[in-house]
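The values are calculated or read from the model by the stated rules, or taken from the named source; none is laboratory data. Computed from a predicted structure; not experimentally measured. Every residue, glycine among them, receives a Cβ derived from its backbone with ideal geometry; neighbour counts consider all protein chains shown. Note: areas computed on protein heavy atoms with side chains; ligands, DNA, RNA excluded. Shrake-Rupley method; radii C 1.70, N 1.55, O 1.52, S 1.80 Å.
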Amino acid sequence: IANIYDMAMKMGAPVIGLVDCAGLRLQEATDALEAFGSLYLKQTMASGVIPQITAIFGTCGGGLSVIPALTDFTFMEKDAGKLFVNSPNAIPGNTAAKLDTSSAEFQSEKSGLVDDIGSEEEILESIRSLVCMLPCNNEEDASFDECADDLNRVCEGIENAAEDTAIALTQISDCQIFFEAKKHYAKDMVTGFIRLNGATVGCVANRSEVYNEEGEKTETFENVLSARGCKKAAEFVKFCDAFEIPVLTLTNVKGYKATKCSESNMARNAAELTNAFISATVPKVNIVIGEAFGSAYLTMNSKSTGADMVFAWPNAQIGMMDAKLAAKIMYADADAATINEKAAEYAMLQSSALSAAKRGYVDTIIEAEDTRKYVIGAFEMLFTKREDRPSKKHGTV
């Protein structure tokens, strides 16, 4: 496997690993450890140079579990796939009936290591689709395809998909192609790839509702940033930047998730996402499709944190907080009529898309149905983007 990595690095070709392995042979002892160490080394050296994909069809435990974690994308067979560092029966209080920590469901929904689960055929099809959208390496970009879709196609009714942005991104994309990454983890944040004028674009979007294929609402979230959502998006943006894939964001966020669990990692993960967007030198376009309040908006690729182009739908709200809440704070002793009046004034002067555009924080206010053509135009303009950054080894966030 280490030799395959050497060849892949020479050729600039992606590596796909299909795993079903019980682990190290005890008889080989230190020789086995040395071999695993050499594999870890090759994977780390290849990270950011060639795409790495792992598919787990059987057991992948112990030291072997580090291998999919070192790759960029991981898939698991939904029934036979087992991924674990510590065997489930070695964890006190853990049972398969209560919580199988090695299952595809746990690894995709709780740990966020697995991008998708399914049958063997579904996984292989997902890998084919993903490879077709990714560049071969970080220098030679082969992620372009001929566009058979109308570049000026009107996306009718896209404003109705503002809550489930996976649907909105599908509508924007060439021929409705959208590959979602880590689709079962932190569903309040959507990450994935679309094509625009034949070019692959990475997407990060807030989501407050999830609809199934039958059009039924299955889950609802508050439009806030969660710690897991920030972590998921940060890792995705870093991958896109490493492989020169432009990034599109759809923003609809009013703050940070307020729970004890989320708070323990909220600042750290929000900082990681903020750093990922600011550090990325690829073309970055943001569309405000709903609310964009407070520092949560800054975390989601605002103009001030490095977005090259920012568009807003006409009903977008951009500012410190909801206008009515701001009025209640500023006019705490006023009656309801006065608060409503002041809230309307505040919304017009401080929180509307128009007021942000007048200040230069939004480049253009666009109709929702025209989103596709504006985004394509923006990325076409940004194709030759160049940006100077301070000389340093790497950041520490």
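Whole-Å semi-axes of the chain's equivalent ellipsoid, largest first, each the root of 5 times a Cα gyration tensor eigenvalue?
Its equivalent ellipsoid spans semi-axes of 39, 25, 20 Å.
With labels modelled as points extended 7 Å from the Cα through the Cβ direction, what inter-label distance (nm, one decimal) is found for Asn160 paired with Ser264?
4.2 nm
Taking the Cβ-Cβ separation of Leu298 and His394 as r and a Förster radius of 25 Å, what is the calculated FRET efficiency to the nearest 0.05?
After rounding to 0.05, the efficiency reads 0.65.
For Tyr256, enumerate residues with amide H under 5 Å from its amide H, sequence gap 5+ or separate chain, H modeled in the peptide plane.
Correct list: Leu225.
Would you mind telling me the antiparallel percentage of the DSSP bridges in the range 127-274, rounded to 5?
Among the beta bridges of the range 127-274, antiparallel pairing accounts for roughly 75 percent.
How much length is gained on full extension from Asp6 to Asp20, taking 0.36 nm per residue of separation minus their Cα-Cα distance?
Extra length from Asp6 to Asp20 when fully extended: 2.8 nm.
With every protein chain kept in place and ligands, DNA and RNA left out, what is the accessible area per residue of the range 313-397? Probe 1.4 Å, answer in Å².
Ligands and nucleic acids excluded, the result is 68 Å² per residue.
Relative contact order, percent, of the chain when contacts are C-alpha pairs under 8 Å separated by at least 6 residues?
Contact order relative to length: 11 percent.
Please list, in chain and number order, the residues 5+ apart from Val204 or on another chain whose amide H is under 5 Å from its amide H, with Hs placed from the backbone.
Leu248, Thr249, Leu250
Sort Ser47, Ser173 from largest to smallest accessible area, using a 1.4 Å probe on the heavy atoms of the protein chains.
Correct descending sequence by accessible area is Ser47, Ser173.
Mean separation of Cα pairs under 8 Å and 6+ residues apart, divided by the residue count of the range 249-397: what relative contact order is that in percent?
It comes to 23 percent, rounded to a whole number.
Nearest 500 deg cm²/dmol is fine: what mean residue ellipticity at 222 nm does the chain get from its DSSP H runs of n ≥ 4 alone, each adding -39,500 (n - 2.57), divided by its residue count?
One gets -10000 deg cm²/dmol as the mean residue ellipticity at 222 nm.
Would you pull out the residues with amide H under 5 Å of Thr54's amide H, same chain only if 5 or more places away, H placed 1.01 Å from N?
Answer set, sorted by chain and number: Gly17, Phe73, Thr74, Phe75.
Give, as ranges by residue number, the residues of the range 67-90 whose backbone N falls under 13 Å from the point 7 Å along Cα→Cβ of Ser119.
78-79
If you plug each phi of the range 254-261 into the Karplus form 6.51 cos²θ - 1.76 cosθ + 1.60 with θ = phi - 60°, what whole-Hz ³J(HN,Hα) values come out, in order, with x for Gly and Pro?
Those phi angles translate into 10, x, 10, 5, 10, 9, 4, 5 Hz.
Going through the range 358-397, which trypsin sites (Lys or Arg not before Pro) have at most 16 other Cβ atoms within 10 Å and a DSSP loop state?
The qualifying sites are Arg359, Lys385, Arg386, Lys392, Lys393.
Computing the accessible area with a 1.4 Å probe over protein heavy atoms, can you report the carbon and sulfur percentage for the chain?
The computed percentage sits at 54.
Taking N as the number of residues in the range 277-397, what is its alpha-carbon radius of gyration divided by 2.2 N^0.38 Å?
Output field value: 1.28.
Which one, Ala280, Ser391, Ala334, projects farthest toward the positive side of the charge dipole computed for the range 250-397 from Cβ point charges (K/R +1, D/E -1)?
Of Ala280, Ser391, Ala334, it is Ser391.
Contour minus end-to-end for Ala32 and Ala337, with contour as 0.36 nm per residue of separation and end-to-end as the Cα-Cα distance?
102.3 nm
Between Asn89 and Ala148, what is the label-to-label distance in nm when each label sits 7 Å out along the Cα-to-Cβ direction?
Each label point is offset 7 Å from its Cα along the Cβ direction, giving 5.2 nm.
I need to check one value: relative contact order of the range 1-54, counting alpha carbon pairs closer than 8 Å and at least 6 residues apart, in percent.
Reported as a whole number, the value is 62 percent.
So in the chain, what percent of DSSP beta bridges are antiparallel if you round to the nearest 5?
30 percent
Any idea how far the Cα center of the range 19-40 sits from the one of the range 213-230, in Å?
Going from one Cα centre to the other spans 40 Å.
Mind jotting down the distance between the C-alpha centroids of the range 349-397 and the range 239-305, whole Å?
Between the Cα centre of the range 239-305 and that of the range 349-397, the gap is 13 Å.
May I ask you to evaluate 6.51 cos²θ - 1.76 cosθ + 1.60, the Karplus curve with θ = phi - 60°, for each residue of the range 364-376 and list the ³J(HN,Hα) values in order in whole Hz, giving x for glycine and proline?
8, 8, 10, 5, 4, 5, 9, 4, 4, 5, 5, 5, 4
For the range 207-213, what does the Karplus curve 6.51 cos²θ - 1.76 cosθ + 1.60, with θ = phi - 60°, yield as ³J(HN,Hα) per residue in whole Hz, taken in order and with x for Gly and Pro?
Result, rounded to whole Hz: 9, 10, 9, 10, 10, 8, 5.
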